[in-house]
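Have a look at the structure below, then the notes.
The values are calculated or read from the model by the stated rules, or taken from the named source; none is laboratory data. Quick caveat, the model's predicted, so the values are computed rather than measured. Here the Cβ positions follow ideal geometry from the backbone for every residue, glycine too, while neighbour counts run over all protein chains shown.
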Amino acid sequence: MNHLSLARPASLPAKHRRVVRPTHVPLALLIAILFMIIQLIPGVSQAQTSTCRAENFYLRNDTSKGLFTLYNCSPASTAAINNILSNTDAAHLTYTNPGLAQLRSTDLYMANSQWVIWIDQTTAPGILRGLWPVDAAGAPAPAQNQWYEPYYNVPGGTGLRSLVQVVQGFFGANNPQANGYKGLHVEIWRQPGLNFYTYRNSPADASGITPSASQVVASYRSRLVDGNNSYTYIDPVTGSQRQLRFYTAYFLFPNQFQIHTALGGVQTTQASATTYIQGDAGGLLLQVNRACPPYTNCNSRFGYTAQQVRSNSFSKVAVSSTVPVTLGPATNPACVSISGNVYELLPTNCETFTSTEDRAIASTSYSSFSPTWTLRTFNSSPQWSVAPTWSGGNTAGWGRLIAYHYNDGRLGLSGYGSLDIVVRPPNFGAGGALAVDDTTAGQLRWTATLTHN
């Protein structure tokens with residue numbers, strides 16, 4: 001089946017046609033080219049044996065929330081997946097504090113033999129908001145107690161915590177900036193530490209869902225904005241005005257889940273097709289959930305000890321790569337414990353954080369690069385892995401970078417993390433040129449394959 005058609009196949013039962021949200025409009029031919037290129041990436045086009053189907057349900061059997069639709073590529077029943085969703089951290093917040101996070105019938109839900117997935121289509125342009133690990137039978141996995149957040153107290157027990165951040169905004173629900181850090185994020189830094197572009201808090205400009213029996217593809221396109229909600233990018237070299245476009249596509253197979261993102265651009269004045277940026281282009285950033293309820297200091301508000309934060313957050317990173325790991329510039333080497341290829345970012349000798357501390361590790365390569373980073377709790381379970389790739393764009397001389405930032409010091413002891421998949425200009429701070437112009441060569445692309453065990 002052609003994954004690029006944005007119209008729902010007529011063969012779907014009528015009861016499923018209502019799940020097209022928001023109103024879909026055809027994307028440009030170039031997005032079709034993008035996804036045809038994506039199909040050449042190993043592991044995307046592969047034979048599968050399970051059947052994907054669209055099914056409807058009411059969250060917690062509550063008809064007041066509207067009829068939800070699940071694209072289910074797992075062997076588990078929709079009732080089993082509904083039970084998982086109904087007992088998550090996001091479901092609890094839906095009913096108790098919808099200003100922080102809200103599962104809505106207008107959003108997209110998917111499941112396979114590894115994940116239950118929530119994609120925001122209402123307040124963010126196709127942004128991953130929830131990612132819950134399950135086993136092949138559709139049961140929460142792993143079953144270790146630390147994977148459940150006792151604070152949430154949802155019916156039937158404690159709430160299954162998402163791997164990625166479910167709430168809106170980096171420091172709260174009413175973030176004054178346009179970005180609002182959620183599960184998936186993008187940052188295109190035109191000036192390091194000063195100005196960057198990201199997605200806005202609103203539905204996508206265009207979107208489409210293409211289901212088949214072997215896979216489901218959900219794709220989105222949106223213009224990027226700066227911190228002042230401006231769509232216009234003024235090129236610092238040519239002075240031309242541009243709009244940066246961001247593409248997101250989720251590929252769900254019965255046994256695999258991949259995220260594809262791309263940066264393109266639309267010229268509004270002059271003929272230049274080149275965009276100059278001075279900082280990192282972070283096209284696929286995953287905001288990792290914390291050890292305690294959203295946006296709080298786990299110690300001062302809930303009395304969590306550093307050991308509890310270690311056990312309930314991803315303070316360990318196991319690195320599989322031939323490229324060396326370096327520490328972030330604001331990282332105290334004494335606060336990173338290294339054992340073989342495993343980096344512990346909350347060792348017992350560094351259990352407090354200053355307000356300016358950024359405890360981080362990174363790997364950067366200026367040639368071929370195929371890392372796999374695995375995030376672990378202190379007890380090494382649960383753990384999940386991200387395998388990124390980079391392609392496209394006029395990036396000769398640019399670096400491919402993967403980094404993990406643990407526990408932003410401004411939040412105190414929180415266990416929050418950010419896994420960043422980035423390209424870096426050859427002269428960081430002075431800038432570099434990207435031909436991000438919606439041509440095949442100009443689109444800069446990032447991919448991440450997510451697994452857990």
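Yes/no per residue for (1) loosely packed, with under 15 Cβ neighbours inside 10 Å; (2) over 23 Å from Trp115 (Cα atoms); (3) of a type in the set (Phe, Trp, Tyr):
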site	(1), (2), (3)
Ser315	no, no, no
Ala318	no, no, no
Val325	no, yes, no
Gly328	no, yes, no
Ala334	yes, yes, no
Asn349	yes, yes, no
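Cβ-Cβ below 6 Å, separation at least six or inter-chain, first residue in region 81-110 and in contact (Cβ under 8 Å) with a residue 60 or more places away in the chain and small (Gly, Ala, Ser), second assigned to a strand (DSSP E or B) and crowded, with 20+ Cβ neighbours inside 10 Å: which pairs?
Ala90/Gly130
So Ala136 fits all but one of (1) of a type outside the set (D, E, K, R); (2) touching a Pro at 6+ places or on another chain (Cβ under 8 Å); (3) modelled with pLDDT of 90 or more; (4) over 22 Å from Leu184 (Cα atoms); what number is the exception?
(3)
Within region 365-385, which residues are assigned to a loop (DSSP other than H, G, I, E, B) and not polar (S, T, N, Q)?
Of everything in region 365-385, those that are assigned to a loop (DSSP other than H, G, I, E, B) and not polar (S, T, N, Q) turn out to be Tyr366, Phe369, Pro371, Phe378, Pro382.
Of the residues Thr69, Thr106, only one is within 22 Å of the chain's Cα centre (by Cα), at pLDDT 90 or above and more than 25 Å from Pro254 (Cβ to Cβ); which? Spell out how you get there, then give the answer.
Working: Thr69 fails: more than 25 Å from Pro254 (Cβ to Cβ).
When all the criteria are applied, what remains is Thr106.
Report yes if some residue within region 406-417 is under 29 Å from Ser339 (Cβ atoms), outside any loop (DSSP other than H, G, I, E, B) and modelled with pLDDT of 85 or more; otherwise report no. It would help to see each step written out before you state the result.
Filtering region 406-417 down to residues under 29 Å from Ser339 (Cβ atoms) leaves 406-417.
Filter once more, so that each one left must be outside any loop (DSSP other than H, G, I, E, B): 406, 409-411, 417.
With modelled with pLDDT of 85 or more added as a condition, the list becomes 406, 417.
Checked against the condition, which is being under 29 Å from Ser339 (Cβ atoms), outside any loop (DSSP other than H, G, I, E, B) and modelled with pLDDT of 85 or more, region 406-417 yields at least one hit.
Right, Ala91: surrounded by 21 or more Cβ atoms within 10 Å (Cβ to Cβ), aliphatic (A, V, I, L, M) and either outside any strand (DSSP E or B) or over 25 Å from the mean Cα position of the chain (by Cα) (or both) or not?
The answer is yes for Ala91.
Results for (1) farther than 21 Å from Val217 by Cβ; (2) within 20 Å of the chain's Cα centre (by Cα), shown as yes or no for each residue.
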| residue | (1), (2) |
| --- | --- |
| Lys65 | yes, no |
| Pro75 | no, no |
| Ala80 | yes, no |
| Ser86 | yes, no |
| Pro98 | yes, no |
| Asn112 | no, yes |
| Ile117 | no, yes |
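Having 2 or more residues that are at pLDDT below 90 and under 17 Å from Leu444 (Cα atoms) is the bar; report the strands (runs of 3 or more DSSP E) wholly within region 192-306 that clear it.
Once the strands (runs of 3 or more DSSP E) in region 192-306 are filtered for at least 2 residues that are at pLDDT below 90 and under 17 Å from Leu444 (Cα atoms), what remains is 195-199, 216-225, 241-253, 256-267, 275-277.
Could you please let me know if Thr322 is without any contact (Cβ under 8 Å) to a residue 12 or more places away in the chain and closer than 22 Å to Ile421 by Cα?
yes
Go over the candidates Val342, Val319 one by one and state the one that is among the aliphatic types (A, V, I, L, M) and over 22 Å from the mean Cα position of the chain (by Cα).
Exactly one of Val342, Val319 is among the aliphatic types (A, V, I, L, M) and over 22 Å from the mean Cα position of the chain (by Cα), namely Val342.
Mind listing whichever residues of region 233-254 are buried (at least 22 other Cβ atoms within 10 Å of the Cβ), touching a residue at least 60 places away in the same chain (Cβ under 8 Å) and out of contact with any Cys (no Cβ under 7 Å at 6 or more places or on another chain)?
Scanning region 233-254 gives Leu244, Arg245, Phe246, Tyr247, Thr248, Ala249, Tyr250, Phe251.
Filter region 395-424 for residues that are crowded, with 19+ Cβ neighbours inside 10 Å and either among the β-branched types (Val, Ile, Thr) or over 30 Å from Thr305 (Cβ atoms) (or both) and give the result.
Result: Thr395, Trp398, Gly399, Arg400, Leu401, Ile402, Ile421, Val422, Val423, Arg424.
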